[in-house]
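The block underneath contains the structure these notes are about, expressed in C-alpha cells.
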Amino acid sequence: MGKWWRYWRNKGHKAKSRVEHYQCLDCSQCYDKRKYPFEEGEDAWFHGWHLNLFPSHALATFSSQEKQFRYPIPVVATNCHYGGQRHWFLCPLPSCKRRSKKLYLYTEGLFLCRKCLKLAYSTQNRSDTDRIIGKKWALIRKYGGDSEWDIKRPKGMHQKTFDRIRDKIWRLEELAMQKIGEAFGKFS
Ligand SMILES: [Zn+2]
C-alpha cells in the first residue's frame with residue numbers, strides 16, 4: 001500500500017453521514033428561487049446531470065449499462081402562508097412518491113429521496129458499497145477536490161504517482177456503481 005492509503009487511515013478518517021456523500025438535487029434551487037418564468041422543458045444541469053424542467057415535473061435521465069431511460073420526477077406546489085409557492089419533488093420511485101425538498105443521486109442519473117436512498121443501502125451490499133464510496137471520497141478530499149474531476153497534484157508528487165491515484169479513484173467509482181447497480185436490482 002502506498003503512502004496515501006496510510007495517510008487517510010491514520011488520520012482516523014470516518015465516513016460522515018452517508019447522505020453527505022451524495023450529490024443532491026434541490027427543489028428550492030430548481031423551482032422556488034427562480035427569478036424568471038418557466039420555459040417548458042427548460043434545460044438544467046446539476047452536478048453534470050441533465051434535466052428538463054416543466055412546471056409539473058422534471059425530466060431526468062437514468063443511464064444503466066449504456067442504455068438511457070428518461071424518467072419524470074413529479075413536482076408539486078404548496079401555497080405559502082404569506083403568498084407565493086413552495087415546490088416539492090415527489091420521489092420518482094413509484095412505490096414511494098414521498099414529498100421531498102431534496103433528492104439525492106443514487107446511481108447514474110437516478111435521484112431518490114433520503115428514505116429510499118437508505119433503503120437501497122440497507123441491502124447486503126451496503127457495507128461494501130459504503131466502504132468503497134468512503135475510500136473514494138477520502139482520496140478526493142485528500143487531493144483537494146469536490147468531485148472526481150478536480151483533484152490536484154500536490155507539489156513534488158510525480159505525475160505517474162498522481163495518475164495512479166486518479167486511476168484508483170475511477171476504479172473505486174466504477175466498483176461503487178457496479179455494487180449500487182446490483183443493489184438496485186434487488187431494490188426495484
Ligand atoms: Zn423515495
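Nothing in this text is a laboratory measurement; each read-out follows from the coordinates by a stated rule. Keep in mind that this is a model prediction, so the values were computed, not measured. Positions of Cβ are generated from backbone atoms using ideal geometry, with glycine treated the same way; all protein chains shown enter the neighbour counts.
I'd like the Karplus ³J(HN,Hα) series for region 83-99: coefficients 6.51, -1.76, 1.60, θ = phi - 60°, whole numbers in Hz, and an x wherever there's a Gly or Pro.
Working through the residues one at a time gives x, x, 10, 10, 10, 9, 7, 9, 3, x, 6, x, 6, 10, 6, 5, 6 Hz.
Give me the net charge for the shell around R114: Cβ to Cβ below 9 angstrom, other residues only, Lys and Arg +1, Asp and Glu -1.
+4
Counting Lys and Arg as +1 and Asp and Glu as -1, each charge on the Cβ, what is the dipole of region 125-167 about the Cα centre in debye, to the nearest 20?
Its charge dipole is roughly 240 debye.
Of K33/K152; K118/K160; K101/K136; K101/K179; K142/K179; K118/K142, which pairs sit farther than 29 Å apart, going by alpha carbon to alpha carbon?
Details: K33/K152 33 Å; K118/K160 38 Å; K101/K136 27 Å; K101/K179 27 Å; K142/K179 24 Å; K118/K142 26 Å.
Distance filter (> 29 Å) returns K33/K152; K118/K160.
In whole Hz and in residue order, list the ³J(HN,Hα) couplings for region 168-175 that follow from phi through the Karplus curve 6.51 cos²θ - 1.76 cosθ + 1.60, θ = phi - 60°; x for Gly and Pro.
3J(HN,Hα) across region 168-175, in whole Hz: 4, 4, 5, 5, 4, 4, 4, 5.
Using the Karplus curve 6.51 cos²θ - 1.76 cosθ + 1.60 with θ = phi - 60°, what ³J(HN,Hα) values do you get for each residue of region 152-165, in whole Hz, with x for Gly and Pro?
After applying 6.51 cos²θ - 1.76 cosθ + 1.60, I find 10, 6, x, 4, x, 8, 5, 4, 4, 4, 5, 4, 5, 5 Hz.
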